[in-house]
1. What's the extension gain from Gln496 to Leu439 if we count 0.36 nm per residue and subtract their Cα-Cα distance?
2. Suppose a student asked you for the relative contact order of the chain, using Cα pairs under 8 Å spaced at least 6 residues apart; what percent would you report?
3. If each of Lys156 and Lys503 carries a label point 7 Å out from its Cα toward its Cβ, how far apart are those two points in nm?
4. In square angstrom, what is the accessible area per residue of the chain with a 1.4 angstrom probe?
5. Students sometimes get this wrong: rank Trp32, Trp160 by accessible area, probe 1.4 Å, all chains present, largest first.
6. With 26 Å as the limit, write out which pairs from Lys168/Lys503; Lys120/Lys168; Lys120/Lys479; Lys242/Lys458; Lys134/Lys356; Lys78/Lys134 have Cα-Cα distances beyond it, or answer none.
7. If you restrict to DSSP beta bridges whose two residues both lie in the chain, what percentage is antiparallel, to the nearest 5?
8. Please work out the FRET efficiency for the pair Trp282 and Arg235, using the Cβ-Cβ distance as r and a Förster radius of 30 Å; give the result to the nearest 0.05.
Amino acid sequence: MTYVPSFAHDVFVSYAHGPPMSGRRVDLMSDWTHSFVDDLQSQLDVLLGTKDQKRRVSIFIDRALDGNRPLSEGLTAKAKQSALLLVVMSHYYLDSPWCRDELKWFSDQAGSNDKVFVVKAFNTAAELWPPALKPDGHPLPGFTFYSTEDPDDLGKTLGWPKPDKTEKAYWDALWKLANAVATQLKRLEYSAAKTSASAGAQRNSETVPPRVGRTLFLGYMHDSLHELRSDLRARLDKAGFKIVPPAEDDPVDEATVRSAFETYLAASDAIVLVANQNSEFWPKGQDGGPLGLQFELAKQYRIPVHLWLQTTDLSTVRNQQYRLFLANVEANARGDSDNLIHAADTDEFVRYISGKLDTAPKPSKGAEQLAVVCSNARGDQAKYGELQQTVTEALREAERSSIIPGQDDDSGQIRLMPLQDDISRADTVVVLCFDQEFLWANRIIQQLGQMMGDQSAKNRIFVMGPEDRKKGKFLPPFKFKTVVGVAPDNRVPVSQVADEIKKIVGGGA
């Protein structure tokens, strides 16, 4: 059985083995890949809530991979009959003609690029990637599973040679990948349920509602709502949502509420709560009890809340403090239907949530609004400082904090790798180019393109600063919007630059 009906497998893993180790049957590259796939399987089980063995995601990986033999017809068929392809990118992969064949066979029948996921186990040159991984000439962003200080170095694979529970960077990267894979599987499953079996692999997810595959955090509810909570989880799952935490990890007290928020909320699109006239008395001194605690945490993480308040007559609420809290919630919610509803039943509440998530823009993942500003400024020349300050001040007025990567003392190269997590979650990326050093700008933007994660959710800005050396125009890749920060006489048009940046970040461009 597969999670997505009428496919032989949900995910086909395409990888190449490394050099054989003396006395070992399995090389280290294969060893790492096998452990990685097992960990991915476990994370998908959590995100998709698939304890039922019949609904578990089917991941195919040829654990007996032999690079000295061509693909068998059976292996070829498995690649073609899989819903998604996961490429473990390495220098070994690029040297393997059979890996390229797998990619071609899958791509020929897949019909869209969103069914291919690239796991960057090593730092490889994107220009060497097969054409199928570079739609429109730009490499797929992929998911980074290595660390390096040198952009020309292969880097060290996270969790190498075998992941353990202590390596946070590995597990953070795995969670991001698993969340993206789970989203796509959820959309394909929904599409399959709405489409006749004869459509087969030609189905696409373009007609699937925007909400499908998005993640809802099902918050703590009073014990009297236990049965309703289980029913609500099942109905939200059927509506196409991913639900976290998994049922076996439902929070039961203050400690587990805080732990669940810390673990799952950054990847969630909204919090779903149900409240009635009953409330516990924890945390001590907390206004509104557990419900108030969750409202406060939601505000900290800047995640919207959808509350079904079953109590319409607050006089039935015996606890005076809780009654006053609910009255305040209702008063604040008047005229704002985004966070409170008095639904007649569970179906109405699910329809309400579905409508909100279908129309709401998909937010950038990450709690804070953040900008990463990459600049080739050297020394303390005034022409550099004036424009850079203009850019960061405009970002500050647009409520963005700015991170400015450091430069290597010897080469002057920007150190991006230590900031790859910040770059992935930042909602704004700025490249500030002085002296029309367009080759530098192109190299930095190509590196950023592989780290930016969900690029559609980011503001991408290219600022061209002084001096104007009459080198013509530069049209940046990855849909960066250009802001001209230098006049013909090499003055910085401060007000114009600030206004354009604030307009782009504010959504007006």
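1. Values: separation 57, 0.36 × 57 = 20.52 nm, distance 2.56 nm.
Here the segment from Gln496 to Leu439 would lengthen by 18.0 nm.
2. The value is 11 percent.
3. 4.7
4. On the way: 23680 Å² over 509 residues.
Per residue, the chain has 47 Å² of solvent-accessible surface.
5. On the way: Trp32 0, Trp160 75 Å².
The ordering from most to least exposed comes out as Trp160, Trp32.
6. Details: Lys168/Lys503 37 Å; Lys120/Lys168 17 Å; Lys120/Lys479 22 Å; Lys242/Lys458 23 Å; Lys134/Lys356 34 Å; Lys78/Lys134 23 Å.
Long pairs (Cα-Cα over 26 Å): Lys168/Lys503; Lys134/Lys356.
7. Numbers: 3 of 48 bridges.
So the antiparallel bridges amount to about 5 percent of the total.
8. On the way: r = 29 Å, r/R0 = 0.95.
The value I calculate is 0.55.
The values are calculated or read from the model by the stated rules, or taken from the named source; none is laboratory data. No experiment lies behind these values; they were computed from the predicted model shown. No Cβ is skipped: glycine too gets one built from the backbone with ideal geometry, and neighbour counts run over all protein chains shown. In case anyone asks, the SASA skips ligands and DNA or RNA and just uses the protein heavy atoms, side chains included. Shrake-Rupley method; radii C 1.70, N 1.55, O 1.52, S 1.80 Å.
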